[in-house]
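**Student:** Encoded as structure tokens, here's the structure I'll be asking about.
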Amino acid sequence: MPTLRAEPKVGIGVIVIRKDGKILIGKRKGSHAPYWSIPGGHLDLGESFEQAAIREIYEETGLIIKNPQVIAITNNLKTFKEENKHYISVCLQAQHQGDTEENREPDKCEGWIWVDPTELPQPHFEASEQSIACYLQKVCYIPQQE
């Protein structure tokens with residue numbers, strides 16, 4: 001069993017939206033496998049949420065996004081219970097023309113697809129699923145039921 005951290009880590013997730021309303025998701029390998037998820041990663045020290053979103057999208061997909069906006073915060077307690085990793089995730093959204101993405105981290109992701117956000121493939125990563133639910137409901141946070 002992994003060692004428990006004394007504090008949560010900060011994750012960044014980005015809902016990249018194409019003109020037709022579809023969003024970009026990938027199937028994870030390694031960390032958080034076998035879940036589907038929006039692109040994202042960790043917030044680096046001294047980095048703004050927007051800088052992290054731009055960096056993560058480029059590192060993972062090769063896409064260049066502009067003006068990402070924070071839309072949601074998730075407290076990932078299911079992941080904590082399953083993996084002993086507690087993350088607070090900041091979700092941003094950005095528009096993109098789409099169809100030019102590449103899998104720049106094949107060791108971490110099987111590949112990217114554009115999907116209707118109301119028809120997510122399963123299993124889906126908790127932070128991503130919560131973030132997309134916030135996006136669809138136009139709320140910044142959804143309390144978790146115990």
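**Student:** Roughly what angle does helix 49-61 make with the longest principal axis of the chain, taking Cα atoms, 0 to 90 degrees, to the nearest 10?
**Tutor:** Result, in degrees: 70.
**Student:** Magnitude of the Cβ-charge dipole of the chain, K/R +1 and D/E -1, about the Cα centre, nearest 20 debye? Walk me through the intermediate numbers first.
**Tutor:** Working: 16 positive and 21 negative charges, 34 e Å.
Using Cβ point charges on Lys, Arg, Asp and Glu, the chain gives about 160 debye.
**Student:** Continuing with the same structure: Using 7 Å Cα-to-Cβ label points, what is the E47/Q95 separation (nm, one decimal)?
**Tutor:** Label-label distance for E47 and Q95, simple model: 2.6 nm.
**Student:** Order by neighbour count: S89, S128, fewest other Cβ atoms within 10 Å first, most last. It would help to have the intermediate numbers written out before the result.
**Tutor:** Values: S89 26, S128 29.
Fewest to most other Cβ atoms nearby, the residues stand as S89, S128.
**Student:** Please report the antiparallel percentage of the DSSP beta bridges confined to the chain, to the nearest 5. Present the calculation step by step, with values, prior to reporting the outcome.
**Tutor:** On the way: 17 of 27 bridges.
Rounded to the nearest five, the antiparallel share is 65 percent.
**Student:** Now for a different question. Long-range amide H contacts for Y35: which residues qualify at under 5 Å (H placed 1.01 Å from N, peptide plane, sequence gap of 5 or more or a different chain)?
**Tutor:** Long-range HN contacts for Y35: R28.
**Student:** Separate question: For Rg and Dmax of the Cα atoms in Å, which listed value, (1) 15.0, 45; (2) 14.2, 44; (3) 18.2, 64, comes from the coordinates shown?
**Tutor:** Read-out taken from this structure: (2).
**Student:** For a quick check: with amide H placed at 1.01 Å from N, whose amide H comes under 5 Å from I15's, ignoring anything fewer than 5 positions away on the same chain?
**Tutor:** For I15, the qualifying residues are L92, Q93, A94.
**Student:** Now a separate question. For a 24 Å ceiling on Cα separation, which of these pairs sit above it: K19/K78; K27/K81; K29/K85; K22/K85; K19/K85? Walk me through the numbers before you get to the answer.
**Tutor:** On the way: K19/K78 32 Å; K27/K81 21 Å; K29/K85 17 Å; K22/K85 30 Å; K19/K85 35 Å.
Over 24 Å apart, Cα to Cα: K19/K78; K22/K85; K19/K85.
**Student:** If you don't mind, there's one more thing I want to ask. For the pair F80 and E110, how long in nm is the line joining their label points, each one 7 Å along Cα→Cβ?
**Tutor:** Distance between the two pseudo-spin positions: 3.0 nm.
**Student:** May I ask you to compute the full-extension gain from K138 to K66, defined as 0.36 nm times their residue separation minus their alpha-carbon distance, rounded to one decimal in nm?
**Tutor:** On the way: separation 72, 0.36 × 72 = 25.92 nm, distance 2.08 nm.
Taking K138 through K66 to full extension adds about 23.8 nm, to one decimal.
**Student:** Can I ask one more? With unit charges on the beta carbon (Lys/Arg positive, Asp/Glu negative), name the residue among L43, A6, G98 whose Cα is farthest towards the positive pole of the charge dipole of the chain.
**Tutor:** A6
**Student:** Hey, another quick one. I want to make sure I understand the PRE zone here: with the label point 7 angstrom from the Cα of E59 toward its beta carbon, which residues in the stretch 82-110 have backbone N atoms less than 15 Å away?
**Tutor:** 90, 104-109
Every number in this text was worked out from the coordinates using simple rules, so none of it is lab data. This is a predicted model, so every value here is computed, not measured. As a convention, Cβ positions derive from the backbone with ideal geometry for all residues, glycine included, and neighbour counts pool all protein chains shown.
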